[in-house]
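Have a look at the structure below, then the notes.
The values are calculated or read from the model by the stated rules, or taken from the named source; none is laboratory data. None of these values were measured; they are calculated from a predicted model. Note that each Cβ is placed from the backbone with ideal geometry, even for glycine, and that neighbours are counted across all protein chains shown. For accessibility, only protein heavy atoms count, side chains too; no ligands or nucleic acids. Shrake-Rupley method; radii C 1.70, N 1.55, O 1.52, S 1.80 Å.
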Amino acid sequence: MQVTSSVRKPLITGGKTVHDVTEDICRQVEAKPSKLWLMAFGISVVTLAIGFLAVAATLWEGIGMWGLNKTVGWAWDITNFVWWVGIGHAGTLISAVLLLFRQKWRMAINRASEAMTIFAVICAAMFPVLHMGRPWLGAYWALPLPNTFGSLWVNFNSPLLWDVFAISTYFSVSLVFWYLGLVPDFATIRDRASGMRKKIYGALSLGWDGAAKTWSRYESVSLILAGLATPLVLSVHTIVSFDFATSVIPGWHTTIFPPYFVAGAIFSGFAMVLTLMIVTRQVFKLHDYITIEHIEMMNIVITVTGSIVGIAYITEFFIAWYSGVPAEQYAFFNRMFGPYWWAYWSMMTCNVISPQLFWSKKIRTSISATFIISIIVNIGMWFERFVIIVTSLHRDYLPSSWAMFYPTIYDMGVYLFTFGLFFTLFFLFAKFFPVINMAEVKSIVKSSSEKTA
Amino acid sequence: MSDSKDFLLGVYDDEDVLLKAVGKIRNAGIKIHEVYSPFPVHGLDDELGYKKSRLPIAAFMFGMLGTTLALTMQIWMLGIDWPMIIGGKNHVALPDFVPVTFELTVLLAAFGMVGTFLVSSDLKPWKDPKLLDIRITDDKHILAIDLGKNKAVEASEIGNVLKDSGAVEVNDKKVEE
């Protein structure tokens with residue numbers, strides 16, 4: 001039995017019927033691409049092409065093209081890697097954790113945010129792969145291959161190897177989760193289409209027929225997958241943080257890193273979901289499905305995780321002082337007042353102060369304010385990783401090797417490339433795949449739709 | 001030789017009506033072939049008397065397989081095949097093996113379960129689903145009754161039961177086997 005609550009606000013407005021859901025979502029897939037879409041897609045492809053020049057230069061000449069030096073051996077590359085992986089956390093969090101908590105508002109946004117997750121992880125993977133210099137000679141060394149293959153067994157004590165396993169597992173499980181959710185919707189598109197389109201969506205839908213028996217199994221698979229994906233989401237950024245936390249660099253060697261990184265990842269992931277959903281909502285006119293209610297919910301998550309991140313920053317400082325270790329104390333003093341003070345204070349303003357604005361109902365229910373703050377949050381989260389990585393490295397134990405990091409045009413180009421890649425993939429997804437999970441939204445039409453009597 | 005099956009289809013447009021209808025039809029002694037829905041209807045499997053899916057058990061088994069494989073692999077590679085001292089740790093430093101073991105457990109559980117699901121529900125790209133009604137994937141729930149298996153009750157009688165239970169349409173459908 002569906003229970004209709006008189007307290008909760010409707011999640012679908014405009015008095016939609018089940019058939020309207022099919023029509024509204026399939027329309028985007030079936031219609032000719034709009035001018036706006038073509039323009040956005042064109043810009044993404046051009047960005048991808050320009051960025052590719054930097055990738056090609058890096059592959060041709062080597063990573064000496066980047067601004068790294070002997071002291072600062074990790075900078076933009078790993079910053080971008082962690083940033084993209086962090087963004088890739090919201091999708092599975094929304095679909096898995098919110099499914100376990102039976103949060104129905106996830107239904108309108110889970111499809112697009114899972115897609116975003118997958119694309120963000122692809123972008124993240126670009127950096128470690130490029131960092132290998134000649135990936136075609138060495139990418140397989142990250143796999144446990146026999147000694148006779150040319151090297152020793154991989155080192156299972158190394159967090160960098162854990163990362164390989166964590167991120168590839170996360171990517172493939174998220175992909176499966178996402179695809180499984182798409183199957184019933186592909187069937188809907190298949191049954192409205194004809195000719196070649198019917199064949200393609202027919203193959204994608206795996207011959208789905210909506211039988212109660214299949215739905216019953218499908219539901220139990222979704223639930224178990226959500227149960228598996230929840231610790232998986234938490235494990236990925238935990239393991240990414242181990243890359244730093246298990247080292248002996250001041251500013252990295254802290255036990256607070258795993259929860260702090262996970263909160264930061266959810267924070268930036270939700271911000272990116274908001275940026276994308278606000279645009280998608282506007283371009284595809286999905287106002288009835290992605291309501292202010294949805295945006296407000298996401299903003300609340302941003303405020304909570306943003307506050308956790310803020311507390312983590314303060315705790316980190318307190319512990320550095322309280323530890324009495326001079327190197328640790330110096331690392332944090334240097335972050336705040338050293339040559340990278342501007343990066344530190346950008347991070348503080350964007351991540352700690354800006355999400356607190358959402359305490360005001362007016363701001364968290366305003367589309368334009370949300371859009372701006374979501375971008376500010378992601379800028380802040382980029383600075384967070386930059387601050388952690390570069391300020392800890394640039395002044396190491398030996399003052400004679402202290403150095404600054406200056407990005408080259410190639411550093412910027414590779415970053416641009418991942419933006420091009422991300423948006424190209426996202427726009428392709430938004431055009432050819434149903435951006436909203438029709439089957440799930442249909443299941444709440446009766447209980448959560450606005451009644452227009 | 002072509003064999004054909006006769007189906008009587010009850011078309012429902014409301015999931016709560018459908019849920020109650022399933023019970024009424026089963027109480028009338030009519031066997032339901034299957035119900036097709038555009039979205040998951042909670043409790044429908046119970047009403048139809050379907051057993052609980054055993055897929056979670058499959059997931060657990062595959063997960064255990066992943067755990068075993070991961071631990072065996074790491075202990076054998078670093079502890080037996082080529083022991084090396086890394087950072088002064090034991091050859092078999094179990095805490096260090098936890099992340100990879102966890103990831104492989106999740107990976108195998110997820111892929112194993114989804115694979116089992118696809119096989120058991122016969123989902124594959126080259127399958128033609130032969131829908132009984134095209135609106136199944138849009139907005140209608142279709143309750144199919146195989147007349148060949150309900151010889152005891154008159155077809156018109158079944159039609160009346162369907163109508164009484166709230167079906168908005170009752171259609172005949174012949175399916176060539």
Query raised in the report: Averaged across the residues of A:198-205, what count of C-beta atoms belonging to other chains lies within 10 Å of each residue's C-beta?
Result: 2
**Report entry** Burial ranking of peptide ranges A:119-126, A:76-83, A:137-144, A:23-30 (average Cβ count within 10 Å, highest at the top)
**Finding:** A:76-83, A:119-126, A:23-30, A:137-144
Report summary line: The extension gain from A:A49 to A:I311, computed as 0.36 nm times the residue separation minus the Cα-Cα distance, is 90.3 nm
Report task. Please give the per residue accessible area of the stretch A:263-352, computed with a probe of 1.4 Å over protein heavy atoms only, in Å². Result -> 38
Report task. Can you tell me the 0 to 90 degree angle between the C-alpha axis of helix B:94-120 and the longest principal axis of chain B, rounded to 10? Result -> 20
Query raised in the report: Across the stretch A:391-402, in residue order, what do the Karplus-derived ³J(HN,Hα) couplings come to in whole Hz, using 6.51 cos²θ - 1.76 cosθ + 1.60 with θ = phi - 60° and x for Gly and Pro?
Result: 5, 6, 8, 5, 10, 8, 5, 10, x, 5, 9, 5
Report task. Once you've got the Cα coordinates, tell me which of A:K213/B:K124; A:K442/B:K5; A:K199/A:K431; A:K16/B:K140 are over 23 Å apart. Result -> A:K442/B:K5
Query raised in the report: Roughly how many whole Å is it from the C-alpha centroid of the stretch B:102-116 to that of the stretch B:20-65?
Result: 24
Query raised in the report: In degrees, nearest 10, range 0 to 90: what is the angle between the Cα axis of helix B:155-164 and the longest Cα principal axis of chain B?
Result: 70
Report summary line: If every Lys and Arg gets +1 and every Asp and Glu gets -1 at its Cβ, then about the Cα centre chain A yields a dipole, in debye to the nearest 20, of 1320
Query raised in the report: For the pair A:I292 and B:K124, what calculated FRET efficiency results from E = 1/(1 + (r/R0)^6), where r is the Cβ-Cβ distance and R0 = 30 Å, to the nearest 0.05?
Result: 0.10
Query raised in the report: Among A:A139, A:W208, A:A193, which residue has its Cα positioned farthest towards the positive end of the charge dipole of the stretch A:69-217, with +1 placed on the Cβ of Lys and Arg, -1 on the Cβ of Asp and Glu, and the dipole taken about the Cα centre?
Result: A:A193
Query raised in the report: Which whole-Hz ³J(HN,Hα) couplings does the stretch A:211-223 yield from phi under the Karplus relation 6.51 cos²θ - 1.76 cosθ + 1.60, θ = phi - 60°, glycine and proline marked x?
Result: 5, 4, 4, 5, 4, 4, 5, 4, 5, 6, 5, 4, 5
Query - Helical contribution to [θ] at 222 nm, DSSP H n ≥ 4, -39,500 (n - 2.57), averaged over chain B, rounded to 500 - result: -13500 deg cm²/dmol
Report task. Grab the other residues whose beta carbon is less than 11 angstrom from that of A:V236, score K and R as +1, D and E as -1, and report the net. Result -> -2
Query raised in the report: Which ³J(HN,Hα) values, rounded to whole Hz and listed in residue order, are derived for the stretch A:379-388 from phi using the Karplus coefficients 6.51, -1.76 and 1.60 in 6.51 cos²θ - 1.76 cosθ + 1.60 with θ = phi - 60°, glycine and proline given as x?
Result: 5, x, 5, 5, 5, 4, 5, 4, 4, 4
**Report entry** Rg(Cα) / (2.2 N^0.38 Å) computed for chain A, rounded to two decimals
**Finding:** 1.03
**Report entry** Contact order relative to length of chain B, as percent, for alpha carbon pairs under 8 angstrom and 6 or more apart
**Finding:** 55
Requested in this report: Partner chain Cβ atoms within 10 Å, averaged over the residues of B:38-49 - can you pull that number for me?
Outcome: 6
Query raised in the report: Using the alpha-carbon centroid of each, what span in Å lies between the stretch A:393-453 and the stretch A:310-349?
Result: 28
Report task. Please report, as a whole percent, how much of the solvent-accessible surface of the stretch A:5-86 comes from carbon and sulfur atoms (probe radius 1.4 Å). Result -> 68
Report summary line: Where a ≥ b ≥ c are root eigenvalues of the Cα gyration tensor, a/c under 1.5 meaning rounded, otherwise prolate if a/b exceeds b/c and oblate otherwise, the stretch A:207-364 counts as oblate
Report summary line: Amide H neighbours of A:I444 at under 5 Å, excluding residues fewer than 5 places away on the same chain, with H built from the backbone geometry, are none
Query raised in the report: Helix B:15-27 versus the longest principal axis of chain B: what angle, 0 to 90°, nearest 10, using Cα atoms?
Result: 70
Query raised in the report: Excluding same-chain residues fewer than 8 positions from A:K361, which aspartates and glutamates have a Cα within less than 16 Å of its Cα?
Result: A:E293, A:E296
Report task. Mind ranking B:6-12, A:406-412 by how tightly packed they are, going by the mean number of other C-beta atoms within 10 angstrom, highest first? Result -> B:6-12, A:406-412
Report summary line: Computed, not fitted: 222 nm per-residue ellipticity of chain A from DSSP H runs ≥ 4 (each -39500 (n - 2.57)), nearest 500, equal to -21500 deg cm²/dmol
Query raised in the report: Ranked from highest to lowest mean number of other Cβ atoms within 10 Å per residue, what is the order of the peptides A:242-253, A:359-370?
Result: A:242-253, A:359-370
Query raised in the report: Taking a ≥ b ≥ c as the square roots of the eigenvalues of the Cα gyration tensor of the stretch A:1-120, is the shape rounded (a/c under 1.5), prolate (a/b larger than b/c) or oblate?
Result: oblate
Query raised in the report: Which whole number gives the average count of other chain Cβ atoms within 10 Å of the Cβ atoms across peptide A:229-239?
Result: 2
Query raised in the report: Using modelled amide H (1.01 Å from N, peptide plane; none on Pro or chain starts), what sits under 5 Å from the amide H of A:S34, excluding residues fewer than 5 places away?
Result: none
Query - Anisotropy class of the stretch A:291-413 from Cα gyration tensor, a/c 1.5 cut - result: oblate
Report summary line: Long-range amide H partners of B:E169, meaning residues 5 or more apart or on another chain whose placed amide H is closer than 5 Å, are B:V11
Query - Relative contact order (%) - criterion: Cα under 8 Å, at least six apart; region: chain A - result: 35
